[in-house]
1. Do we find that residue 300 is closer than 16 Å to residue 195 by Cβ and touching a Leu at 6+ places or on another chain (Cβ under 6 Å) in this structure?
2. Where in region 1-111 are the strands (runs of 3 or more DSSP E), entirely inside, with at least 1 residues that are within 13 Å of the ligand (Cβ to nearest atom), modelled with pLDDT of 95 or more and buried (at least 24 other Cβ atoms within 10 Å of the Cβ)?
3. Looking only at strands (runs of 3 or more DSSP E) that lie completely in region 252-356, which have at least 3 residues being within 24 Å of the chain's Cα centre (by Cα)?
4. For region 76-95, state whether one or more residues are touching a residue at least 60 places away in the same chain (Cβ under 8 Å), polar (S, T, N, Q) and within 25 Å of residue 15 (Cα to Cα).
5. Could you tell me whether any residue of region 385-399 is touching a Pro at 6+ places or on another chain (Cβ under 8 Å) and farther than 25 Å from residue 69 by Cβ?
6. Among 192, 197, 131, which is the only one that is part of a helix (DSSP H, G or I), away from the ligand (no atom under 15 Å from the Cβ), of a type in the set (D, E, K, R) and modelled with pLDDT of 95 or more?
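The values are calculated or read from the model by the stated rules, or taken from the named source; none is laboratory data. All figures in this text were calculated on a predicted structure; none of them were measured in a lab. Note that we place each Cβ from the backbone using ideal geometry, even for glycine, and neighbour counts take in every protein chain shown.
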Amino acid sequence: MTTLTLEQETNPWEAQAARFDDAAERLNLDEGIKKVLRYPTREIIVHIPVSMDDGTIEVFTGYRVQHSIARGPGKGGIRYAPDVSLDEVRALASWMTWKCAVVNIPFGGAKGGVICDPKKMSQGELERMTRRYTAELMEFIGPEKDVPAPDVNTNEQTMAWIMDTYSMHMRQTVTSVVTGKPLNMGGSRGRREATGRGVSICCDQALKHLGMSVEGCRVIVQGFGNVGSNSAKLLRDKGYTIIGIAEWDGGLYNPNGINIDALLEYRAKHGTINGFDGADAADKNDLLERPCEILIPAATENVITSKNAERIRAKILCEGANGPTTTIADEILSDKKVFVIPDILANAGGVTTSYFEWVQDRMGYFWSEKEVNDRLERIMIDSFDDVLSYATAHKVNNRTAAYMLAIDRVAFTTKQRGMYA
Ligand code: GLU
């Protein structure tokens, strides 16, 4: 087994690079193209001055990394968190390139992040920070250049501020500069639930593939933000039994199934899932290790590591989050024959519906929710099949197959476009 320190193991850039190297090697990728695709095209660092509510000035550090624009404009979310780092944003940007290629949509990959603690900031402070961050990135983003979207701790309101700031500078309303916007300003029906919907479609496909049934299928979800809560809700609606929910501040367990609608209502009222009387309180880390058919990490990176992978008792791991599993944990899960639906496939429903939003904005013509969901379902099922076929053809696991498929597609276009000199 690979030996790494915990710090190396949990560095997302190293995790991305190790998987890239492995897949590139198996594809026998041209050395030059490998160098091109291994590193991001552009890394922007901005220092954002913000007037705080108490009259002081704070300076926040923000990043936008554009990994590849070979197949189309950069695409990817913006996250706000105290532990954002350049290495993390780099990794997330390249994951976006691979993700967009896995689902075969015409985007490259990018990601942004600002080091801040949104839980401790007022709406006004968040708005001023978002607007100044956008202003600093004016010449780098745009509908044909790089199109941001929500990610951890950012939402429709954040996108509305970015859209407005960009539009003020352009002297015209430009809705297609960001996706994940509110419906009334060029957002797409179905975008809010899209990542969870994609996760739920992947779960359905995995059950079909493995000959398992929805009835009695126990699911544990880690993270109850946009991805986790929508995955849980949609899966419960389809008849899955959600037995556990792990959140950053606590966990819930009910072997008979948690009523997700009631839990969502409770959380909206109390701001936490703790204290919900439809389940027992449970330790958030312990929940990951309880027996279940499907485990869905749907928060951030490094949740399944060398420290707990051995004790995972799920049959299927469906990665709603980006990078929740380290490379060492991958090896352990592979030995344990856990069926992994890798992040760059499992959570691609979000960016796929972002693509639909961008298309609708540019047409100025908006689709019904059914149209959006049907198109999403088609793409997710086809991509799931593509990854599984690749895995069978090349005798590799699903993650390696997804990377190989994606790298193959991006490398082909990169080569065909040629090097501009
Ligand atoms: N932040 C989401 C992701 O990691 C969505 C990106 C997008 O819609 O551009 O896939």
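1. Details: closer than 16 Å to residue 195 by Cβ: yes; touching a Leu at 6+ places or on another chain (Cβ under 6 Å): no.
Criteria not met by residue 300.
2. In region 1-111, the matching strands (runs of 3 or more DSSP E) lie at 57-68, 74-81.
3. Qualifying strands (runs of 3 or more DSSP E): 292-297, 314-318, 339-341.
4. There is at least one residue in region 76-95 that is touching a residue at least 60 places away in the same chain (Cβ under 8 Å), polar (S, T, N, Q) and within 25 Å of residue 15 (Cα to Cα).
5. Taking every residue of region 385-399 in turn, at least one turns out to be touching a Pro at 6+ places or on another chain (Cβ under 8 Å) and farther than 25 Å from residue 69 by Cβ.
6. Being part of a helix (DSSP H, G or I), away from the ligand (no atom under 15 Å from the Cβ), of a type in the set (D, E, K, R) and modelled with pLDDT of 95 or more holds for just one of 192, 197, 131, which is 131.
A quick yes/no check of all residues on (1) under 18 Å from residue 84 (Cα atoms); (2) modelled with pLDDT under 95; (3) away from the ligand (no atom under 16 Å from the Cβ); (4) in contact with a His (Cβ under 9 Å, 6 or more places away or on another chain):
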| position | (1), (2), (3), (4) |
| --- | --- |
| 122 | no, no, yes, no |
| 126 | yes, no, yes, no |
| 138 | no, no, yes, yes |
| 143 | no, no, no, no |
| 146 | no, no, no, no |
| 149 | yes, no, no, no |
| 155 | yes, no, no, no |
| 159 | no, no, no, no |
| 169 | no, no, yes, no |
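Listed here are the residues, each with its yes/no results for (1) touching a helix residue (DSSP H, G or I) at 6+ places or on another chain (Cβ under 7 Å); (2) without any contact (Cβ under 8 Å) to a residue 60 or more places away in the chain.
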residue: 203; (1), (2): yes, no
residue: 208; (1), (2): no, yes
residue: 212; (1), (2): no, no
residue: 218; (1), (2): no, no
residue: 225; (1), (2): no, no
residue: 230; (1), (2): yes, yes
residue: 239; (1), (2): no, yes
residue: 257; (1), (2): no, yes
